[in-house]
Each structure stands twice: as C-alpha cells, then as structure tokens.
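Here's the structure we're looking at; comments come further down.
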Amino acid sequence: MEGQNMWLDFPIYASVAIVCWLAASGLFLSSGKKLMNQMAAGLSFAGTAFLLVFITILWVNIQRPPMRTLGETRLWYAVFLSGIGLVSYLRWKYKWLVSYSLGLAMVFLIINLNHPETYDKTLMPALQSPWFIPHVIVYIFAYAMLGASSLIALRNLFFVPTERTIKGPIQMADNLVYLGFSFLTLGLLFGALWAKEAWGHYWTWDPKETWAFITWMFYLVYIHYRFRHPSEHKKAMAVLAVSFAILLICWFGVNYLPSAQNSVHVYSE
Amino acid sequence: MSNEKGRKFGQHPWSYREGSTISAAILLIGFSIQAASGGTVLLIAGFPWNLILGVVFLGLLVFSFYFWQKHPVIKGLGSVKAALPAILGFTFLILLMGFVKQDVESRNALVKLFGLSHLVKTWPFILINLYLMILLGIVTMKRLIPYNFKNAGFFLNHFGLFLILFSTALGSSDMQRLSMNCNENQIEHRAVDVSGKVVELPLSIKLLDFNIDEFRPKVTIVDNKTNEIVQNRGIDQLEMLDRDSFDIAQYHLKMEQFLASSEKAGDAYIKAIEPGSAPSAKVVVTNPTDHTRVSGWISSGSYVNSPEAFRLNEYYSLVMLPAEPRKFSSRINIQTKSGKSVMTTVEVNKPFHIDGWTIYQTSYNTEMGRWSELSILELVHDPWLPLVYIGIFLMMAGAVFLFVSGKPKNGGTEHVA
Ligand code: HEM
C-alpha cells in the first residue's frame, strides 16, 4: 500500500458493496422465506462491513479522519444508511425500508464513483480539534436518520395507504425523526461550542450553519404538527417530504448557492 | 374545527387564522419599519439598559401569565396554532438568509431596502425573535405549573431555547469582537472593531514570537502546455512528500533529499534559514514503461524566491505546491490594567482567557507564510456568555430526553391546545 492513493481502489470496494446490496434487496423483495431473509440481512451487512474496511484503510492511509471532503462524507452516509436499514429490519422487519435505504446508500457510492476524490492529507488548523469527529459523526447520523424517515414519507405519498396500513410506518417515521432530530440538535449545539473555541463566536450564520438550521426548523415543524394533529397523517407526510428536500439542499446544494462563497464548511473537492 | 365558522377572531380556542395573522403582521410591520428607517442597522442599548429591558420583559411575561392565564390570548399564544406560524415565519427569514449572501454590501435595491444582506440586524428578525420568546416563555410556564416530571424534557427544550434567544439578543450590544494586529516585539494595546473603529483595551499584548508548523508540501504533475494538473482515472494526482518513494501518475518518484528550508545555490539547493527560504527536494523520477530516469530539484518558492518546476519530458513537469499550515501560534506577553502579567501561547482552537477577555489566534501575513512577523489576534468580551451556555446545556439535556423518551405514546392528544 506504500505510496498508493487509496481512492484508486475505491471502485473495487464500491462494486463489491453494491453487488452485496443489490442481491440483498432482491432477496428481501422477492421472497418470503425466512432463510432467504436471513441471507439477505447477511449480505447487506457484508456490503456495509466491506465499506467500513475501506474507510479504515483510508483513515490510516491519509493520517486524518476521513470526514472532510464531500466524497468522504458520502462514504459515511452510505455506511449509516445501510446500517440503519439493517437495524430497523432486525428490529421491526420492514423489508421495504431496508431496500430503500440500501438503494439510497448505493446512490451515494455511485456519485462517488462518478466524481472521484482527490487525495488530501492536510487538515486546516481550525479543524484539528477534539470536537471535529463527534460533530461530524453526530450530523451524519442525524441526516441519515432523517433521510430514512423521509423515505417513509415518500413511500406513503406514492403508495397511498389506508388509515389502517399507515399506522406502522408513521410510527416508524416518528421514531426516526425524534432520533434524528435529537442528534441534529446535538450537532448544532456541539458546532456552536466548537465555533466559540475556534473562531470566537458560537454562531456566525455561515451558509452551512444557516442551512443546517433551516433543516432543523422544518423537522421542528413536523414534530409540533404531529403533536397537535396526531391523526392528520397525509399532511404530516407532506411536511416530512418537504423537509427532505431541504435536507438535500443542505447536503449537496449549499456549495452551489451564491450565498456560500468562502464558507469554512464548503468542502474541498 | 366544527364551530370554526361561528367563532369570532381571537376567541378561544385559537385556530391557525389567529396564529398566521399575528406572524404575518409581525413580518409585514418589521419589513415596513426596516424600509422606512432607511436600512439603518438596529442596535439594542448596552449595559445597563439591556439588563433593565430584560428584567422588565421577564416581569411582564410572568405577570401577564400569572393574571391572565385563562384569557383566550394567553391560551392562544401558548398553543401550537400560534407556535407553528411563528416557527414558519422565522424559517422564512432564515431561508432568505440562506439565499442572500450575508454581511456584504449588496447593490441590489430590494436587498438594500429591506436589509436582506444583514438580516440578523433588521426589524423583522428582531420582532419575530421577540415574539418567539414570548411564545416560548408562555408555553414553558404553562407546562411548568403544576409541576410534573414528565414535562422535564419539554421544559429543557423550550426554556433552553428561550434562554439562548434571550441572552444573545440582550448580550449582542455588550459583546465586543475586536481584531488586533501584533508585530513581533512590539507592544499593542489598541484593536479595531468590525466597523474599523479603533478601541483602547484594558490590556496590552506583546508578540514575542509567531510560529507556523507546516505540513510537508505536496507535489503534482502538470501538463507543460496547459499547466493543468494531470489526472489518473479521473483523480487529481497530488502526493505529499512525507515518504521516500511513491508512484505518481505513471511515474515512480524517489526523493533523495528534502530540505524544509532552503535557498538556491547554482543548480542545486542548500539548507538556509532566512526570511523567504522555501522547501525544496531532489527527486529521481523513473518512467516504468521505457525505464528512463531523470533527476532534478523542485521547490515551492516563497514571497522572495520563485518556484522551481522540474521538466520530466516534453509533455509533463513535476511541481511542488506551497506547503499548507498544520498549526500556527503566537507566544505573547499580556499585561492587564489590573496588574497581571502573563506569558502564554495562543493557537487556533486554543484561546486564552483573561479578565473577561478571550484571546484567539486568527491569522497572519499569508503572503509571507511562515516568515510572517505579523500575528492577527481576535479579542472577545462577552459578559452574557454564561447565560447562553446554560441555555445550550439545557437544550443538550433536552435533546437527550427526546432521544430517550421518543414521541409521546398518546400522540399528543392528552394536552392538545
Ligand atoms: C421555536 C419556538 C417553539 C415554540 C413556540 C414551541 C411551542 C410548542 C407548543 C405550543 C407545544 C405544545 C405544548 C402543549 O400544547 O402543551 C410544543 C410541543 C412540543 N415542542 Fe415545542 N416549541 C418551540 C420550540 C421547540 C424546540 C426547540 C423543541 C425541541 C428541541 C421543541 C419540542 C417540542 C416537543 C417534543 C413537543 C411535544 C410536547 C411533548 O413532548 O410533551 N419545541 N411546542
């Protein structure tokens, strides 16, 4: 491995993960047999594990946490989404949710295959802080959770459910939103404490901060709406779908917005 | 909802009609005042006026709630029907901030008229914040009395946010953020604020030494004609010179000598430690396909010396990029009016606290890089900070509550208001 740019090997790891996940989704969706489902769960775990191996080698190789560039964060999204899909399958047996989250995880890998990463070992001084890893992990986990909840919303908007069949999914959406929202809150607050330590002020309305805050506000709307209107399922799902659109802007869009030039958060690519 | 038509505006129970009307009115009034006041930036009075204002506000809030908690207006303000439009109104302003670049002078007439490029200092922003604080205050008291442990998470989230909004709003005028330029071996006791006004400080700082620790520089291969970085399988080829040999693009590179600080002497480089000295390296590059070997020097150059590229063949050259800082720090001596004299080092992410001031390392003369004799420090005085921190910690605890207890099982039907 000496002197080797790890990203050159990425297509191998990504293809293996994608093949595992495609096979897992196929098995989950096509068969009802217990053995097949177990095999599918095993395969989706294998794909995630393979990706984790890649991240570990990359981490060792670049001698800094791989959480800085957009391509690196996409790796974590793929890991968390596939992981959350699997855990929620083991916990609640929602096969369609695993398949959706595996699908989304694959999208992240495919984007990475089409936009290869540069190889960068340097980390600017402001990012060399004990806050860095918790801040990023908490955010990515929150986004992955909220992303997964939005998959439920999208599904319910397309496969129009009845009052009876929506109960389970909407409960699941609530659980994911509460979990994701609490992590997003922690991410914002960690970020504030860190910013105070590094830049002298806890909140500067930097574009990435602004968009993370907007995302937070939309899920705040969802929480309050659900609290007051517990049986207006369709509208709640619409709020969740809109929130997801905002979340996507926060993920991808911010770098291209005119308001975002010179942001400390705009990843180098 | 059934008797919605027969109910008069403002009567109990409120619907979204009242809530939306208030939020929309606040935004409209806010933008109108903003436009009418000619885009001047609004400031809350400093100490002790902000403290008095805060106490009066809190008193009014508690007083009104105590006497009129059954009044339809207080009940309405404590309900989700007021909360949701208010949150959406606030979100609308933040969305504007998400699209309009902040803190720059804009030439767009609309942006100027409504202060959209300085939104946090405009009337609509401040009014909607005030309104949110009123709502949060009422809703906190409403769920606090009678006390019930089940509402602990609710209290932490809502009161925590209340405290953060309250203390940042009042504290904004007492906060000082100043920038100080320190030259090596000179004593400085003045700094400038964001508007460029010079401020005399109750302390002085003498910069003893400014120090940058750099990463090893990176090398890359560029096309001789276009000067663009060569890519391999779509990936930019950048390698850090922290190993003795590695592959780059189709070449194998061996580093024979690395000088972190050097000067050119004839065709080669020699070790030198003088302002403007730059990193250089002697490399041997092998092309595995035709086994040709070439060797030569590369250097990233500095503000004094020009960079040196190494021509591999008629198509490509090897170049060294400027080294990036790993960390930078200033060794300083601080003398305070109160008689303290402290020697310390400030570094990015490692500020120093003294007499209510926090001193941050922010920048240096980037043109001169590691030879900079200028260190730029930021000095922050923020007496309301402890309150903000309490708010932040309350909300963190609230987030843990959300995470642990999750959504209320009854779906909220129990306390619908
Ligand atoms: C921005 C200003 C906010 C306003 C005006 C507001 C207002 C309200 C109101 C009126 C309710 C219904 C309470 C009731 O009827 O008893 C409520 C419930 C709730 N709010 Fe907020 N809220 C705000 C911010 C927040 C924040 C920042 C969080 C979380 C971090 C939050 C989390 C909740 C939760 C979880 C509930 C459900 C109640 C429960 O669990 O018992 N709210 N809020």
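The values are calculated or read from the model by the stated rules, or taken from the named source; none is laboratory data. Treat the numbers as computed from the prediction; the structure is a model and nothing was measured. When we count neighbours, we look across all protein chains shown, and the Cβ atoms used for this are built from the backbone with ideal geometry, even at glycine.
Just one residue in the set B:Trp384, B:Trp357 is surrounded by fewer than 20 Cβ atoms within 10 Å (Cβ to Cβ) and within 24 Å of the chain's Cα centre (by Cα); that residue is B:Trp357. Test B:Leu312 against the stated conditions and say whether it is in contact (Cβ under 8 Å) with a residue 40 or more places away in the chain, over 18 Å from B:Glu184 (Cβ atoms) and within 14 Å of chain A (Cβ to nearest Cβ). Against the criterion (in contact (Cβ under 8 Å) with a residue 40 or more places away in the chain, over 18 Å from B:Glu184 (Cβ atoms) and within 14 Å of chain A (Cβ to nearest Cβ)), B:Leu312 does not qualify. Would you confirm whether any residue within region B:132-148 is under 25 Å from B:Gln34 (Cβ atoms) and under 25 Å from the mean Cα position of the chain (by Cα)? So far as region B:132-148 goes, yes, one or more of its residues are under 25 Å from B:Gln34 (Cβ atoms) and under 25 Å from the mean Cα position of the chain (by Cα). Remark: B:Lys282 falls outside the filter, which requires a residue to be closer than 26 Å to B:Thr362 by Cβ and either crowded, with 17+ Cβ neighbours inside 10 Å or modelled with pLDDT under 95 (or both). Across region B:312-334, the qualifying residues are those that are closer than 19 Å to B:Leu374 by Cα and among the polar types (S, T, N, Q), and the one among them that is farthest from the chain's Cα centre (by Cα) is B:Asn333. Considering region B:68-84, and only residues there that are at the interface with another protein chain (Cβ under 10 Å from one of its Cβ atoms) and not hydrophobic (A, V, I, L, M, F, W, C), the residue that is surrounded by the most Cβ atoms within 10 Å (Cβ to Cβ) turns out to be B:Ser79. Against the conditions (1) in contact with a helix residue (DSSP H, G or I) (Cβ under 8 Å, 6 or more places away or on another chain); (2) surrounded by fewer than 19 Cβ atoms within 10 Å (Cβ to Cβ); (3) at the interface with another protein chain (Cβ under 10 Å from one of its Cβ atoms); (4) not acidic (Asp, Glu), B:Val404 satisfies every one except (1).
Might you let me know whether region B:261-276 holds any residue that is free of Cβ contacts under 8 Å to residues at least 40 places away in the same chain and surrounded by 19 or more Cβ atoms within 10 Å (Cβ to Cβ)? Yes, region B:261-276 contains a residue that is free of Cβ contacts under 8 Å to residues at least 40 places away in the same chain and surrounded by 19 or more Cβ atoms within 10 Å (Cβ to Cβ). Taken together, B:Ser64, B:Ser23 contain a single residue that is of a type in the set (Gly, Ala, Ser), more than 23 Å from B:Thr168 (Cα to Cα) and modelled with pLDDT of 90 or more, which is B:Ser64.
How many residues does region B:272-305 hold that are over 16 Å from B:Ala260 (Cα atoms) and of a type in the set (S, T, N, Q)? Qualifying residue count, region B:272-305: 5.
Considering only region B:132-156, how many residues are of a type in the set (Phe, Trp, Tyr) and either near the ligand (Cβ under 9 Å from one of its atoms) or in a loop (DSSP other than H, G, I, E, B) (or both)? Step through it out loud before you land on a result.
The first filter runs over region B:132-156 and keeps only residues of a type in the set (Phe, Trp, Tyr), leaving B:147, B:149, B:154-155.
Then keep just the ones that are either near the ligand (Cβ under 9 Å from one of its atoms) or in a loop (DSSP other than H, G, I, E, B) (or both); that gives B:147, B:154.
Here the count works out to 2.
Residues in region B:232-247 that are touching a helix residue (DSSP H, G or I) at 6+ places or on another chain (Cβ under 8 Å) and either assigned to a loop (DSSP other than H, G, I, E, B) or more than 7 Å from chain A (Cβ to nearest Cβ) (or both) were compared, and the one that is farthest from B:Glu214 (Cα to Cα) is B:Arg233. Just to be sure, is B:Gly398 touching a residue at least 12 places away in the same chain (Cβ under 8 Å), surrounded by 15 or more Cβ atoms within 10 Å (Cβ to Cβ), within 19 Å of the chain's Cα centre (by Cα) and not in a strand (DSSP E or B)? Judged against the criteria, B:Gly398 is not a match. Just checking, does region A:25-39 include any residue being surrounded by fewer than 18 Cβ atoms within 10 Å (Cβ to Cβ) and either among the β-branched types (Val, Ile, Thr) or touching a residue at least 60 places away in the same chain (Cβ under 8 Å) (or both)? Yes, region A:25-39 contains at least one residue that is surrounded by fewer than 18 Cβ atoms within 10 Å (Cβ to Cβ) and either among the β-branched types (Val, Ile, Thr) or touching a residue at least 60 places away in the same chain (Cβ under 8 Å) (or both). A:Lys93 meets the conditions (1) on the phi > 0 side of the Ramachandran plot; (2) crowded, with 16+ Cβ neighbours inside 10 Å in every case but one. The failed one is (2). When B:Phe47, B:Phe31, B:Phe9 are checked against the criterion of being closer than 23 Å to B:Lys142 by Cα and modelled with pLDDT of 80 or more, a single residue qualifies: B:Phe9.
In summary, A:Trp199 fulfils each of the numbered conditions (1) modelled with pLDDT under 90; (2) closer than 25 Å to A:Gly103 by Cα; (3) buried (at least 18 other Cβ atoms within 10 Å of the Cβ) with the single exception of condition (2).
Can you say whether B:Gly38 is within 14 Å of chain A (Cβ to nearest Cβ) and either farther than 18 Å from B:Leu165 by Cα or not small (Gly, Ala, Ser) (or both), as far as the supplied structure shows?
no
Being crowded, with 21+ Cβ neighbours inside 10 Å, touching a Cys at 6+ places or on another chain (Cβ under 9 Å) and not in a loop (DSSP other than H, G, I, E, B) is a description that does not apply to A:Ser99. The residues on offer are A:Glu117, A:Glu72, and the sole one that is part of a helix (DSSP H, G or I) and among the charged types (D, E, K, R) is A:Glu72. Please verify whether B:Leu127 is within 13 Å of chain A (Cβ to nearest Cβ), away from the ligand (no atom under 12 Å from the Cβ) and not polar (S, T, N, Q), treating the condition exactly as stated. No. Can you work out which of the residues in region A:212-235 that are modelled with pLDDT under 90 and in contact with an Asp or Glu (Cβ under 9 Å, 6 or more places away or on another chain) is farthest from the ligand (Cβ to nearest atom)? Among them, the one singled out is A:His233. Mind listing whichever residues of region B:157-197 are away from chain A (no Cβ under 14 Å) and either part of a helix (DSSP H, G or I) or within 16 Å of the ligand (Cβ to nearest atom) (or both)? Those that are away from chain A (no Cβ under 14 Å) and either part of a helix (DSSP H, G or I) or within 16 Å of the ligand (Cβ to nearest atom) (or both): B:Phe159, B:Phe162, B:Phe166, B:Leu170.
No other residue among A:Thr73, A:Thr69, A:Thr48 is modelled with pLDDT under 85, closer than 19 Å to A:Leu102 by Cβ and of a type in the set (Val, Ile, Thr) apart from A:Thr73.
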